[in-house]
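Below is one structure, written out as structure tokens; the observations come after it.
The values are calculated or read from the model by the stated rules, or taken from the named source; none is laboratory data. The shown structure was predicted, so the numbers you read here are calculated from the model rather than taken from an experiment. When we count neighbours, we look across all protein chains shown, and the Cβ atoms used for this are built from the backbone with ideal geometry, even at glycine.
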Amino acid sequence: MPRPSPRLIALLATAALVLPSAAFAADKDPPPRVANGLAQTPPMGWNSWNKFACNIDEATVRRVADAMASNGMKDAGYQYVVIDDCWHGARDANGFITYDAKRFPGGIKALADYVHSKGLKFGIYSDAGRQTCGGRPGSQGHEYQDAKTYAAWGVDYLKYDWCSTGTRNAEEAYTLMADALRETGRDIVFSMCEWGTAKPWLWASAIGNLWRTTGDITDKWDGKHDYSLGVLRIVDLNEPLHPFAGPGHWNDPDMLEVGNGGLTTTEYRSHFSLWALMAAPLIAGNDVANMDKDTRDILLNREVIAVNQDRLGVQGRRVRDDGDLEVWSKPLADGSRAVILFNRGEAAKPITVDWTELGYPATLKAQVRDLWAGKDLVAMKGRFVATVQPHGVVMVRIAP
């Protein structure tokens, strides 16, 4: 048997030194995932589903973009115009997604360009399964193709649903699409819509920018209605998750129903106030091109929006629950507190908040501003009390 050459002996010796090191490296955990850096405050915008469902088309989206650019919504912070389900056509021969040319004759890219021309951002919808909830082609097996297509169209926001997913693992599915979006090189906010079934708040803070915490909202005050939930039911499911929200990763109790006609103005004001205090995405779901004054006054309240968009990024929570009477608080970046006195009952009742419930000393003298009345109240020491209407809120900002 021939003797190995000196060169082969040297190579084998080197391999003996390198291979154990490489094997050790392979056994090490991968570096921690880093968030995409987007949505440092809760996203604000509009989505087509709550009002239009599958009856969506290019003309409607253009009309909404025109309205948002001119009716004060853009100036108040609403950025995203998002088409939900039912925009899809078939996949082409190479597997790339197309759009419904009858509904969107100008094409999605031209529509995105139009939205951008209004100073707004454009969003779209897909699903982690083989089909969307509306029976259109889902993204499973086409994640990188679809992400590439969306980026080429100018998409800035993706809502990613959870129908027809079978036994698929949610963390795997959402991580795969998140990676596909990052691969495009375009900044795309990632909205995860798997209804909280896999507890995404435990694992998704560096995968998505927002994740649904509940089933779909419906335009009712309370209760469960088929697969949908009323406002109060969603509030009670979302509130305990406050420790998991923060800049770039938000608990999402679903889109707003303000203006869709199922609640009273008082109830819609409570709905909006609670979403704002919970640092929820403020995604309008009404026909913003045809709003009455009450709806406009709710959606455009700059002081309530400022609470939602506060840079500290803390989700507000319930600090006292006396049955139908509740006190909610959210710390703000300047050291003040946003406070909601909330009456779930059927009769007007006084509700008191003590400074100590807010983390302030009882002796503190503080300025109180009513955010719905838009006026400063007299400076107070120790506590604040107000009579709250049935299903209503008093929302104030308390500043030392």
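Check the stretch 301-309 and report whether any residue there is over 22 Å from residue 252 (Cβ atoms) and of a type outside the set (Ser, Thr, Tyr). So far as the stretch 301-309 goes, yes, one or more of its residues are over 22 Å from residue 252 (Cβ atoms) and of a type outside the set (Ser, Thr, Tyr). Of all residues in the stretch 208-232, those that are crowded, with 19+ Cβ neighbours inside 10 Å and of a type in the set (Lys, Arg) have Cβ atoms under 7 Å from Cβ atoms of residues that are modelled with pLDDT of 95 or more and not in a strand (DSSP E or B), 6 or more apart or on another chain, in 212/193; 212/194; 212/195; 212/196; 212/254.
Within this structure, residue 36 fails the test of being out of contact with any Pro (no Cβ under 9 Å at 6 or more places or on another chain), assigned to a helix (DSSP H, G or I), surrounded by 11 or more Cβ atoms within 10 Å (Cβ to Cβ) and modelled with pLDDT of 95 or more.
Residues in the stretch 176-195 that are under 17 Å from the mean Cα position of the chain (by Cα) and hydroxyl-bearing (Ser, Thr, Tyr): 191 only.
Of the residues making up the stretch 176-198, those that are part of a loop (DSSP other than H, G, I, E, B) and either out of contact with any Ser or Thr (no Cβ under 9 Å at 6 or more places or on another chain) or of a type in the set (Phe, Trp, Tyr) (or both) are 184, 185, 186, 187, 188, 193, 195, 197, 198. Among residues of the stretch 374-395 that are over 23 Å from residue 364 (Cα atoms), those with a beta-carbon under 8 Å from a residue that is of a type in the set (Val, Ile, Thr) and not in a strand (DSSP E or B) at least six positions away or on a different chain give the pairs 389/266; 390/266; 391/264; 391/266; 392/266. Filtering the stretch 243-271 to residues that are more than 14 Å from the chain's Cα centre (by Cα) and either small (Gly, Ala, Ser) or part of a helix (DSSP H, G or I) (or both) leaves 243, 259, 261, 262, 265, 266, 267, 268, 269, 270, 271.
Within the stretch 233-251, restricting attention to residues that are hydrophobic (A, V, I, L, M, F, W, C) and touching a residue at least 24 places away in the same chain (Cβ under 8 Å), which residue is farthest from residue 177 (Cα to Cα)? Can you show your working first?
First pass over the stretch 233-251, keeping only residues hydrophobic (A, V, I, L, M, F, W, C): 234-235, 237, 241, 244-245, 250.
Filter once more, so that each one left must be touching a residue at least 24 places away in the same chain (Cβ under 8 Å): 235, 237, 241, 244-245, 250.
Details: 235: 29, 237: 27, 241: 24, 244: 22, 245: 21, 250: 18 Å.
Looking at residues that are hydrophobic (A, V, I, L, M, F, W, C) and touching a residue at least 24 places away in the same chain (Cβ under 8 Å), I get 235.
Where strands (runs of 3 or more DSSP E) fall wholly inside the stretch 304-376, the ranges with 2 or more residues that are basic (Lys, Arg) are 317-322, 365-370.
Just to be sure, is residue 245 crowded, with 18+ Cβ neighbours inside 10 Å and farther than 30 Å from residue 345 by Cα?
Working: crowded, with 18+ Cβ neighbours inside 10 Å: yes; farther than 30 Å from residue 345 by Cα: no.
Judged against the criteria, residue 245 is not a match.
Quick check on my filter: what residues within the stretch 248-261 are surrounded by fewer than 20 Cβ atoms within 10 Å (Cβ to Cβ) and either closer than 22 Å to residue 43 by Cα or in contact with a helix residue (DSSP H, G or I) (Cβ under 9 Å, 6 or more places away or on another chain) (or both)? First the steps, then the outcome.
Step one: filter the stretch 248-261 for residues surrounded by fewer than 20 Cβ atoms within 10 Å (Cβ to Cβ), giving 248, 260-261.
Once the filter is applied, which keeps residues that are surrounded by fewer than 20 Cβ atoms within 10 Å (Cβ to Cβ) and either closer than 22 Å to residue 43 by Cα or in contact with a helix residue (DSSP H, G or I) (Cβ under 9 Å, 6 or more places away or on another chain) (or both), the stretch 248-261 yields 248, 260.
Per the conditions (1) closer than 24 Å to residue 252 by Cα; (2) in contact with a Ser or Thr (Cβ under 8 Å, 6 or more places away or on another chain); (3) surrounded by fewer than 24 Cβ atoms within 10 Å (Cβ to Cβ), the sole criterion not satisfied by residue 91 is (1). Inspect all residues belonging to the stretch 78-85 and state whether any of them is more than 20 Å from residue 285 (Cβ to Cβ), touching a Ser or Thr at 6+ places or on another chain (Cβ under 8 Å) and in a loop (DSSP other than H, G, I, E, B). No, every residue in the stretch 78-85 fails to be more than 20 Å from residue 285 (Cβ to Cβ), touching a Ser or Thr at 6+ places or on another chain (Cβ under 8 Å) and in a loop (DSSP other than H, G, I, E, B). Among the residues of the stretch 121-134, are any surrounded by fewer than 18 Cβ atoms within 10 Å (Cβ to Cβ) and either aromatic (Phe, Trp, Tyr) or under 22 Å from residue 43 (Cα atoms) (or both)? For the stretch 121-134, residues surrounded by fewer than 18 Cβ atoms within 10 Å (Cβ to Cβ) and either aromatic (Phe, Trp, Tyr) or under 22 Å from residue 43 (Cα atoms) (or both): absent.
Being within 14 Å of residue 244 (Cβ to Cβ) and not assigned by TED's automatic domain parsing to the domain that holds residue 392 narrows it down to one residue among 195, 221, 201; which is it? Lay out the reasoning, then the answer.
Numbers: 195 fails: within 14 Å of residue 244 (Cβ to Cβ); 221 fails: within 14 Å of residue 244 (Cβ to Cβ).
Every option except 201 fails the conditions.
Please work out if residue 67 is in contact with a Gly (Cβ under 6 Å, 6 or more places away or on another chain), at pLDDT 95 or above, closer than 30 Å to residue 308 by Cα and surrounded by fewer than 21 Cβ atoms within 10 Å (Cβ to Cβ).
Numbers: in contact with a Gly (Cβ under 6 Å, 6 or more places away or on another chain): no; at pLDDT 95 or above: yes; closer than 30 Å to residue 308 by Cα: yes; surrounded by fewer than 21 Cβ atoms within 10 Å (Cβ to Cβ): yes.
No: the conditions fail for residue 67.
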